[in-house]
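Chemist: Here's a structure for you.
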Amino acid sequence: MKQAVNVALTGAAGNIGYAIAFRIAAGHLFGPEQPVNLHLIEIEPALPVLTGVVMELRDCAFATLHNVVATADPSIGFGDADYVFLIGSRPRTKGMERQDLLSANGAIFKPTGKAISDHANPDVRVLVVGNPANTNALITLHNAPNLAPHQISSMMRLDHNRTLSLLAEKLNQHPTAIKQVTVWGNHSTTQFPDLQHCQINSQDASSMIDQSWYKNEFIDLVQKRGAKIIEARGTSSAASAASAAIDHMRDWTLGSAADNWVSMGIYSQGMYGIDPDLMFSYPAVCRDRQFTVVQDLQLNEFSQHMIARSEQELIKERDMVKDLL
Ligand code: NAX
């Protein structure tokens, strides 16, 4: 067996934490040959619940799980971490404005950035899941002097996977038949699921997709899928979010499919004319723990308009947290 890698996750006793910890421990992130040490990070009041999660993890007797650490101390939790999932965040409560939510989460992600910078493996990879994920990732990066932009990403993979699944359902296909879709922008209702370059069974899909349905129904369906799940379950997506986080980190580490791309929140340095210094979702390919934005896709007027809308929202979010950057 190889040497164990250290995987840290915040919000480990929450809904997504509970779903993802077992899948990572079972080897679904790096495969059956790669042992993992889990560093489970929570706030003090959630530590008793976390103790129960640790007992359950041990009781699974997973072949790939080595050590488990449960802690509220970031220096221990992020200590020598090779991979970090930032899931824990303040949920939006009744009467809370977006500005309040951004500030409350900023207060979490600013010290988190510093702690990762101070204590993690210098070559760590960090995935931000906790909402507002893109702006939380920007705050983390700005407060982590030892972290380079290629080491951090925000999660858009759930939106990407939803695009695949909802299109597949409509066209009576399997999601794996669908390639080259992108969800651009923010993980919010301004996100833009783009089918302009979509291929189905290796064929250009434009003649298979009713443009009026796409513009008037499909985009909305993807943007509001999370709300539909809350309506049905009474709580937000957890297993699908955990699965998307694993997809994201696995592809980033082991490489994405050769004939396809994925959607990832990436630090903008002006690619596709997007304002620099935003975490923006782009189409990307991954190899050897690096991602590269897919270059030179032609974007029609409709796509440009939708992408600009999401960009404007992210600029506003950044303005609201400028004192944390
Ligand atoms: P829960 O409220 O069930 O769990 C959050 C956990 O985080 C709690 O156990 C809490 O104690 C912990 N926590 C809070 N502050 C912390 C800190 N400073 N350090 C460590 N732990 C801390 O939420 P859950 O359903 O698990 O969702 C977690 C986050 O993911 C939310 O912000 C949610 O909005 C976001 N999501 C993001 C998605 C994405 O695609 N980017 C999709 C799914 C999900 O909605």
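The values are calculated or read from the model by the stated rules, or taken from the named source; none is laboratory data. Keep in mind it's a predicted model, so treat the numbers as computed, not measured. Note: ideal-geometry Cβ built from the backbone for every residue, glycine included; neighbour counts use all protein chains shown. Side chains included, ligands, DNA and RNA excluded: accessible areas come from the protein's heavy atoms. Shrake-Rupley method; radii C 1.70, N 1.55, O 1.52, S 1.80 Å.
Chemist: Report the local net charge at Val49: Lys and Arg +1, Asp and Glu -1, summed over other residues whose C-beta lies under 15 Å from its C-beta.
Modeler: -3
Chemist: Check each of the trypsin sites (Lys or Arg not before Pro) in region 235-325 and keep only those in coil by DSSP with at most 10 other C-beta atoms within 10 angstrom; list them in order.
Modeler: On the way: sites: Arg250, Arg287, Arg289, Arg309, Lys316, Arg318, Lys322; in loops: Arg289.
Within region 235-325, no trypsin sites (Lys or Arg not before Pro) qualify (loop, at most 10 other Cβ atoms within 10 Å).
Chemist: Continuing with the same structure: Using only helices, what value at 222 nm comes out for the chain when you add -39,500 (n - 2.57) per DSSP H run of length 4 or more and divide by the total residues, to the nearest 500 deg cm²/dmol?
Modeler: Helix-only estimate at 222 nm: -12000 deg cm²/dmol.
Chemist: Now, a different point. Can you say what percent of the DSSP beta bridges in the chain, counting only those with both residues inside, are antiparallel? Round to 5.
Modeler: 45 percent
Chemist: Rolling a 1.4 angstrom probe over the protein heavy atoms, how many square angstrom per residue are accessible across the chain?
Modeler: Counting only protein heavy atoms, the per-residue value for the chain is 44 Å².
Chemist: Another question, if that's okay. Please give the FRET efficiency for Gln298 paired with Ala26, using the beta carbon to beta carbon distance and R0 = 51 Å, rounded to the nearest 0.05.
Modeler: Details: r = 42 Å, r/R0 = 0.82.
For R0 = 51 Å, the calculated efficiency reads 0.75.
Chemist: Enumerate by residue number the trypsin sites (Lys or Arg not before Pro) in region 54-150 meeting two conditions: DSSP loop (anything except H, G, I, E, B), and at most 13 other Cβ atoms within 10 Å of the site's Cβ.
Modeler: Lys94
Chemist: Cα-Cα over 31 Å: which of Lys224/Lys322; Lys170/Lys316; Lys224/Lys316?
Modeler: Lys170/Lys316
Chemist: Here's another thing I want to ask about it. Between Asn121 and Ile230, what's the calculated FRET efficiency when r is the beta-carbon distance and R0 is 35 Å? Round to 0.05. Let's see the in-between values first.
Modeler: Working: r = 36 Å, r/R0 = 1.02.
Working from the Cβ atoms, E equals 0.45.
Chemist: Between Ala168 and Ala107, what FRET efficiency comes out of the Förster formula 1/(1 + (r/R0)^6) with R0 = 35 Å and r the beta carbon distance, rounded to 0.05? Working shown, then result.
Modeler: Working: r = 40 Å, r/R0 = 1.15.
It comes out at approximately 0.30.
Chemist: Give me the one-decimal nm value for the distance between modelled label points at Asn216 and Glu44, 7 Å along each residue's Cα-to-Cβ direction.
Modeler: Each label point lies 7 Å from its Cα, and together they span 5.7 nm.
Chemist: Then there is this: Taking DSSP loops as anything outside H, G, I, E and B, show the longest stretch in the chain free of GluC sites (Glu not before Pro) there with at most 14 other beta carbons within 10 Å.
Modeler: 98-325
Chemist: Quick one: which residues, 5 or more positions from Asp194 or on another chain, have an amide H under 5 Å from its amide H? H modelled 1.01 Å from N in the peptide plane, none for Pro or chain starts.
Modeler: Thr182, Val183, Trp184
Chemist: Ignoring ligands, DNA and RNA, what percent of the accessible area of the chain is carbon or sulfur (1.4 Å)?
Modeler: 51 percent
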